[in-house]
Amino acid sequence: MKQKRSSYYLSNKELYCEIIISKAKGNLTKKAEGMFILLGARLHKKMSYMDYHVGEDTLQQAYVQLFDNKKWMSFDENKTTNAFAYFTEIAKRAIALGYNKHYKVKGLKEKPIIYSIQRSNDGLGIFNI
């Protein structure tokens, strides 16, 4: 009998096993690293950003948090076996943190207005605002 293939892009059971192996070794396995990259990329695709560079910055923020030794070593297998939810939450919070760094200004009541200045006429000094 053929085994039914999972329709999920990342298996919780495989991620859990890789994290346990990584914790025993003291560093992430290559497979766990690939899973973190896949997790961050999939989460990033679900978000929308006004600026491409902000999206890339938030993705990098998620990777920094996922690959942080303190974060993945703090996964407690005695409390839960749901590694997917644990690391998804870390990545989501990191993406939100990166987004807020770009768009939220403390104490500002309204969103800041951004003006785009474009030069026309091949640099002859005419500007459009």
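No value in this document is a laboratory result; all are computed from the given coordinates. Remember, predicted model here, so these are calculated numbers, not experimental data. Positions of Cβ are generated from backbone atoms using ideal geometry, with glycine treated the same way; all protein chains shown enter the neighbour counts.
Assorted remarks:
- Region 47-105: GluC sites (Glu not before Pro) falling in loop per DSSP and having at most 12 other Cβ within 10 Å: GLU77
- For region 79-89, Karplus couplings with θ = phi - 60° (6.51, -1.76, 1.60), whole Hz, Gly/Pro x: 8, 8, 10, 8, 5, 4, 5, 4, 6, 5, 5
- Table column - 3J(HN,Hα) (Hz), region 32-40, Karplus curve with 6.51, -1.76, 1.60, x for Gly and Pro: 5, 4, x, 5, 5, 5, 5, 4, x
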